[in-house]
1. Using Cβ contacts closer than 10 Å as the measure, can you line up Y76, Y178 from fewest to most?
2. So if we plug the beta-carbon distance of N159 and L112 into 1/(1 + (r/R0)^6) with R0 = 30 Å, what FRET efficiency do we get, rounded to 0.05?
3. Among K91/K172; K52/K164; K77/K172; K60/K172, which pairs are too far apart, with a Cα-Cα distance over 30 Å?
4. What's log10 of I(q)/I(0) for the stretch 38-108 at q = 0.14 Å⁻¹, Debye sum over Cα points only, no solvent?
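What follows is calculated from the coordinates using simple rules that are stated; it is not laboratory data. Small disclaimer: the values here were computed from a predicted structure and weren't measured. Counting neighbours? That spans all protein chains shown, and the Cβs are built from the backbone with ideal geometry, glycine included.
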Amino acid sequence: MTNKNSQTSSTSRQAKRSCPGSGDSDTDNDSPHIFPRWLIIEAAEPEHSLAKLSPFLLGKALTAQIGSLKSVKRLYKGDILVETDKATYSKMLLRLTHTGGSVNLGHPHRSLNTSRGAIRSRDIASCSVEEIVDELRPQGVTAAVIIHVRDGDSKRRTNTVILKFASPRPPKHITAGYMRVPVDPYILCAVSTARNMVTTHERAKTLLHV
């Protein structure tokens, strides 16, 4: 009887130490819809800059070819920044080749389509970065950095993980197997006040392309 109880207790401890997955996690309204919401339309040939295109003609062309976009803005060099909240429109913009008689290209904006969030979970932080990203990829995670702090001459792993999401705003939480973990917006200056964390957060900044 004692052996049976000790085996059950040991199994329970091992289960708690195992890395939680998200393969069987249900999705909900907070899960990000992953597609580029911010896109750049630029001229395929520099001599045919979109800066010369009439705003009236541009507006009519985009409405006719794509539909009603959430926002359209001309940038300093003449490129067009557009925002859409529809995946169908995003795909159409990526396939765009002509606008108002000009040959052009559509591509996602380099930074506006991503965001970063911080989670605090010792269970998740005990996993490898590769496993964290693989398990949370269906929820929009594209990269992760586990924060370490300097403890004397060595480094100690904390329970904080910085996640990069393929969406303009991080979700309110992520689901990892049996766990529902809140996500806080990642603000570099707010979490880097401790002297021994500066180097680690600079590494996170580099790896996540903040």
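1. Numbers: Y76 6, Y178 11.
The order, fewest Cβ neighbours first, is Y76, Y178.
2. 0.50
3. Numbers: K91/K172 26 Å; K52/K164 37 Å; K77/K172 36 Å; K60/K172 37 Å.
From K91/K172; K52/K164; K77/K172; K60/K172, over 30 Å: K52/K164; K77/K172; K60/K172.
4. Here log10 of I(q) over I(0) equals -0.34.
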